Amino acid sequence: MYKNLLPALLALTSLAAHASTAINETRALDANGTLEVHNVAGEIRVSAWDQPRLVITGELGEGVESLEIKGDQQSLRVEVKAPKRSGFSWWGGGKSISSTLIIQVPAGVVLRLNGVSADVSVRGHLGEHLSVDTVSGDIEVSTGAADIALSTVSGDAKLTATRPNQRIEIDTVSGDVSALNVSGEIELESVSGDQTVRATDLKQFRTELVSGSLDLSVSALAPTARMNAESVSGDLKLKLPALAPYKIDAESFSGGITSQFGDVQSEEYGPGKKLDFKAGKGSVRVDLSTMSGGITLVRSQQ
């Protein structure tokens, strides 16, 4: 009757030896301090609160060496220490090192978050700077930071701004970009992903796309706003305030142009279309170009 007992005990022992490790760490952190986080695989979840300390919960993957926390109450660095291996055997977030960091921070801290195969989310942040850099993970951020930089290769990037007049940079390769309630200066870049932008009080906007499309809606523009969008095969759709001192130059080499601003002209030689429109002093510049994509310009109803 005991012949199956030993294998069962061995299985339980093996399971316990490879179980993930719970995290429960607390450190003092100034309200305007700096936090830098590195997690190779898994997830980084950050939420803000009104306490002058950092609290980390979650769990470390079964193959992780340790959770390293360095620094003082003005600046802290948190890193999931994965074992060093040759090649890229752990790239992609295998079970052995996949870790979840659930982090609470003072709302006003500077945040620098880094991952490889890790999703990153931030909510309630109000600090001056936020940067997120990951490779194959998704990014979802709600922040009132004045300076924002988001970068991912194969993941999506979603930003919801909670304050006006920001400087924003977002780049992806195969992921989509969503930027909501944004204002100030915005720069985007993507290869095969689509871009959706909802902006207010826009001062400067620049984007470059290859095969993805742009859907931009702007409710208000600065008196000397600058907008530039370029694509290879992706479509460009812009919804702009009806009344502004525009200078709009748009060109599509082999695609069409539809515009509620001015008259679209056909190229004398070749299939291309172009638009040259000016209203008033032309202090709001809009420059659009695409090779094979279409361009649509719509007046918002205000």
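Quick look at the values:
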{"quantity": "Search result, residues across the stretch 280-302 that are of a type outside the set (D, E, K, R), surrounded by fewer than 16 Cβ atoms within 10 Å (Cβ to Cβ) and modelled with pLDDT of 95 or more", "calculated": "V298"}
{"quantity": "Close pairs (6 angstrom Cβ cut-off, 6 or more residues apart or separate chains): under 15 Å from V78 (Cβ atoms) and in contact (Cβ under 8 Å) with a residue 24 or more places away in the chain in the stretch 49-63, among the basic types (K, R) and part of a strand (DSSP E or B) anywhere", "calculated": "L54/R27"}
{"quantity": "Subset tally (residues that are assigned to a loop (DSSP other than H, G, I, E, B) and among the β-branched types (V, I, T)) for the stretch 179-195", "calculated": "1"}
{"quantity": "Qualifying residue in the stretch 251-267 (condition: closer than 17 Å to R206 by Cα and in contact (Cβ under 8 Å) with a residue 60 or more places away in the chain)", "calculated": "no"}
{"quantity": "Every residue from the stretch 17-48 that is without any contact (Cβ under 8 Å) to a residue 60 or more places away in the chain and assigned to a strand (DSSP E or B)", "calculated": "T21, A22, N24, E25, T26, R27, A28"}
{"quantity": "Selected residue (only one of R198, R206 is touching a Leu at 6+ places or on another chain (Cβ under 7 Å) and either outside any strand (DSSP E or B) or among the basic types (K, R) (or both))", "calculated": "R198"}
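The values are calculated or read from the model by the stated rules, or taken from the named source; none is laboratory data. Keep in mind that this is a model prediction, so the values were computed, not measured. Quick reminder, even Gly has a Cβ in these numbers, built from the backbone with ideal geometry, and neighbours come from all protein chains shown.
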